[in-house]
Each structure stands twice: as C-alpha cells, then as structure tokens.
C-alpha cells in the first residue's frame, strides 16, 4: 500500500485471484485496456492495473453497482499472467464512505439487503490477497484513526468506552456477538455469517434509526432495541 494525492491506494500482489488482464476482448472494455463508466475508471500499463473509484457524489460509496464494477475489474481474465499488480484508488477527498445506506433502508427489502452483503463478501474475497503492513503504516495510509504506545493504551481505551456509550446498545451488542461467533470459523464462513448479521442489524429498530439519522442528517434517537 502507498499514498497518492492524499488518497489511500491498495496494491495487491499477483496471486491466484489477481492473475488477470484487460487486454483481451471483453464487451465492456476497449482495445486500449481501459474502462470508464459512472463508477470506476480502469487503466492498465506495464503489468499494473489501476482501478479508480469515481462516484464523488456519493463519496465513492459501495453501492451494489459499484461493488459489481469492482469485482468485474479485479477478476477479469483470471488465467492471464501478464498482470503483476492491482492498485485501488479514488477521486475526491474520501476513498470510500462504505455501503450506500440508501440501499439498506427497510423499504428496499431483506432480499436486496442479502444480495448487497453477499456481493460485499465476493468483493472482499477478490481483494483479500495483499502484503501485510505495520500499525504505523496503517495509520499513515488512513486505515486506522490512531496508533498509541502501550503506556497510553488505557487512556485511549477509556475514550473509546465513552464514545461507545453514545451508540445503540443493541447494535454494539450484536457486533460483539458476531465477533466471538466468527473467531473460530473459516474466512468464508465468517463472511457468510457477517452477511446474515448485517441484514439482521439494519432491520432492527435502531439499525433503521441509524440509517434515517444519516440520510436526514439528524441526531439518532436510540431505543436500544
């Protein structure tokens, strides 16, 4: 991983999943090995493919269509070994805001929620092969908000606890339960369980209240249910 124009880029080494190339004919790709649509731009040169998220209006949120485009861009031509690395980057001042919460409102239906999280699991499986980085590097690339010494750890934990108190108790509890349930599972099993938990979460009263408060830009009123 490395930084570019204050944006987070993730470089994935060539592996079983990433042995791909856009240089072979495909319906959505030009002969110049480039792709550009509403969600992503793809450029490939000298064995490196750069995939740029470009939906600035939603802060590059991972809508269902965005995730499908990323999966397509990452996994094209799996058996071609000419590609050596893939870089993910983004336009704008946010790499990605995460899931598009408008797609997760109760009105869109549980089946659509399941499809969204299933697609998210597929996307994560597509990019899971990567070089490990240190805590300091993770901070520099914006993947974590803070790195502290062992001496500062208790103080920082107390700050986190105070922040947790302002959140929905039921949602926090659900997240903790999920963590302990998935610890001994395989990666794929954990992803599938995560899909189920996230669908259940957003269909609780507080799950919908969190989405409503975000969409309407108002403070959430938790019932802890």
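All of the numbers you see were taken from the coordinates with simple rules; none came from a lab. Only a predicted model underlies this, so the values are computations on that prediction, with no experimental measurement involved. Heads up, the Cβs are rebuilt from the backbone with ideal geometry, glycines too, and the neighbour counts pull from every protein chain shown.
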Distance in nm between residue 158 and residue 196 label points, each 7 Å along Cα→Cβ, equals 4.0
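Sort the following peptides by mean Cβ neighbour count (other Cβ atoms within 10 Å, averaged over residues), highest first: 65-74, 203-212. Could you put the intermediate results ahead of the total?
Numbers: 65-74: 20.0, 203-212: 17.9.
Result, highest mean first: 65-74, 203-212.
Treat the count of other C-beta atoms within 10 Å as a stand-in for reagent exposure and order 103, 156, 111 from fewest to most.
Numbers: 103 18, 156 13, 111 9.
So the ranking, lowest neighbour count to highest, is 111, 156, 103.
At 0.36 nm per residue, and after removing the present C-alpha to C-alpha distance, how many nm does the segment from residue 184 to residue 147 gain when stretched out fully?
Length gained, residue 184 through residue 147: 10.6 nm.
Mind sorting 110, 160, 202, 133 by how few other Cβ atoms lie within 10 Å of their own Cβ, fewest first?
Working: 110 12, 160 9, 202 24, 133 15.
By the 10 Å Cβ count, ascending: 160, 110, 133, 202.
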Stretch residue 45-residue 213 to full length: gain in nm at 0.36 nm per residue minus the Cα-Cα span?
56.1 nm
For 197, 157, ascending order of other Cβ atoms within 10 Å (fewest first) is 157, 197
